[in-house]
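The values are calculated or read from the model by the stated rules, or taken from the named source; none is laboratory data. Everything numeric here is computed off the predicted structure, so don't read it as measured data. Every residue, glycine as well, gets a Cβ built from its backbone with ideal geometry; the counts of neighbours run over all protein chains shown. For accessibility, only protein heavy atoms count, side chains too; no ligands or nucleic acids. Shrake-Rupley method; radii C 1.70, N 1.55, O 1.52, S 1.80 Å.
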Amino acid sequence: MAKEKTAFFCSECGAESPKWAGRCPECGAWNTMTEQRVSTGKAPGGSASALWGGDASTKSAPLTVNQINVDEESAAMRIKMPSVELNRVLGGGLVAGSLVLLGGEPGIGKSTLLLQNLLCIRTKRILYVSGEESAAQLKLRADRLGRGSDNIYIVCETSLETVFEHVSSLRPEILVVDSIQTITTDSLPSSPPPGSVSQVRACAAELLRYAKTAGVPVMLVGHITKDGTLAGPKVLEHMVDTVLVFEGDARHSYRILRTSKNRFGPTSELGIYEMGAKGLREVPNPSEILITSPAGDANGTPLSGIAIGVALQGRRPILIEAQALVSASPYATPQRSVTGFDSKRLNMLIAVIEKRLGLRLDKKDVFLNIAGGFKANDPALDLAVAAALISATLDAPVPQGFCFAGEVGLSGEIRPVTSPASRIREARRLGFTDAVVADNIPKDEVIPYGIRLHRTARLDAAMKLLFA
């Protein structure tokens, strides 16, 4: 019979401690240590891997790098998902034997995204385990999406042992668990509640062992906390191969799928969807929704404070609209309000504008917004943000047809950015005629023709070009 003892686990990183502490000794988080009962001997329920045919007693042997045999065809094989945007963030498709974690706010569309893609896969046998919704609810969602399938098997279950019994009999080629916080295992003593640190860690470890041993991709749906981070111990994110985060406001139609971790591809890719009555629709050209058509006043004069920057998300260029408003402050301390952009970087650009251009913004309120609800972190947007701020300060619009791609340094120099050719090509495709870029772009960069390049080395020279 297994002996039991009490230990404390950190809900952030999963660190174990024999006694309670106000601060986690590993990650330094406060008030995250929770008490759980652990076993010092063999668990009464045994290993769940025996239920699907896995041999937990198999011993491994150390091998040299040259002794490891890899089937290159199997290693490069990916399961192509029907969604192009999902394939992009996964790095080209779903890798066999991978463990993927999809997180997001409640009602953002996580289950809809998975079910919509799985319903379009006709050549794979899929097991969809739902611990939150009934089979009737999933059927209604499938009917709303307008699709049916004979190769997707739905089971509403929260016991990991029962799930592996279905896996043993069905032998699926793709396994989906929605969600990991609702699954429990009987191998733990004293039966901790669902979603606890020990339950999430034990269930994820068994699913990881199954994915790696059987070579079946497993997709997990995870909850997030009120702070926007994935719920459960931090060790859950370390276990999985890929972490996808579904962002957006449930009150708006656009959703952004980001990759925060990916062992099989880049981590800077993103996919954009639009939520409609019949599910999620891919947005193949996000630049068209992130920039607005040229607006003006009643006389048709363009408005000030608007500049278009060319950002790069992974290998994908996106045109982003920066909107700025500068007005006299009625308070002793002026406001600095920013949405979708780094507030510290905004303060740096304001200081550069004041020092290098002589514009006084210390007694004015500054508001900056990245249109479309987009969060931009590409340094290439510095030049567009600076142009929008100067345009709003002078109340002079940026000339039509201009876009910007450049990083602004503290001395006012404009630094080159990565992949200028792909950025300029995207701007030309959307009808822009002029691009303000750094003067010291490497000569080996192939810049596409059809758009006028204004190479400038300093911020003051670029602003003289725009607001002469």
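Residues that are under 20 Å from residue 258 (Cβ atoms) and at pLDDT 90 or above: does region 73-81 have at least one?
Yes, some residue in region 73-81 is under 20 Å from residue 258 (Cβ atoms) and at pLDDT 90 or above.
Every residue in region 199-229 that is among the polar types (S, T, N, Q), open to solvent by 40 Å² or more (accessible area, probe 1.4 Å) and free of Cβ contacts under 8 Å to residues at least 40 places away in the same chain, please.
225, 229
Any residue that is open to solvent by 10 Å² or more (accessible area, probe 1.4 Å), in contact (Cβ under 8 Å) with a residue 40 or more places away in the chain and among the aromatic types (Phe, Trp, Tyr) - is there at least one of those in region 261-268?
yes
Please give the number of the condition residue 322 fails out of (1) in contact (Cβ under 8 Å) with a residue 60 or more places away in the chain; (2) under 30 Å from residue 258 (Cα atoms); (3) surrounded by fewer than 23 Cβ atoms within 10 Å (Cβ to Cβ).
Just one mismatch for residue 322, condition (3).
Within region 358-368, which residues are open to solvent by 50 Å² or more (accessible area, probe 1.4 Å) and either touching a strand residue (DSSP E or B) at 6+ places or on another chain (Cβ under 7 Å) or in contact (Cβ under 8 Å) with a residue 24 or more places away in the chain (or both)?
Correct list: 362, 363, 364, 367.
Is there a residue in region 177-198 that is in contact with a Phe, Trp or Tyr (Cβ under 6 Å, 6 or more places away or on another chain) and in contact (Cβ under 8 Å) with a residue 24 or more places away in the chain?
Looking for residues that are in contact with a Phe, Trp or Tyr (Cβ under 6 Å, 6 or more places away or on another chain) and in contact (Cβ under 8 Å) with a residue 24 or more places away in the chain, one finds at least one in region 177-198, hence yes.
Can you find, within region 365-378, the residue that is nearest to residue 354 (Cα to Cα) among those that are in a strand (DSSP E or B) and within 22 Å of the chain's Cα centre (by Cα)?
Restricting to residues being in a strand (DSSP E or B) and within 22 Å of the chain's Cα centre (by Cα), the top hit is 369.
Please work out which residue is surrounded by the most Cβ atoms within 10 Å (Cβ to Cβ), limiting yourself to region 158-174 and to residues that are in a helix (DSSP H, G or I), free of Cβ contacts under 8 Å to residues at least 60 places away in the same chain and touching a Leu at 6+ places or on another chain (Cβ under 8 Å).
That would be 166.
Which condition does residue 20 not pass, out of (1) more than 22 Å from residue 229 (Cβ to Cβ); (2) at pLDDT 65 or above; (3) of a type in the set (A, V, I, L, M, F, W, C); (4) open to solvent by less than 60 Å² (accessible area, probe 1.4 Å), if it passes all the others?
(4)
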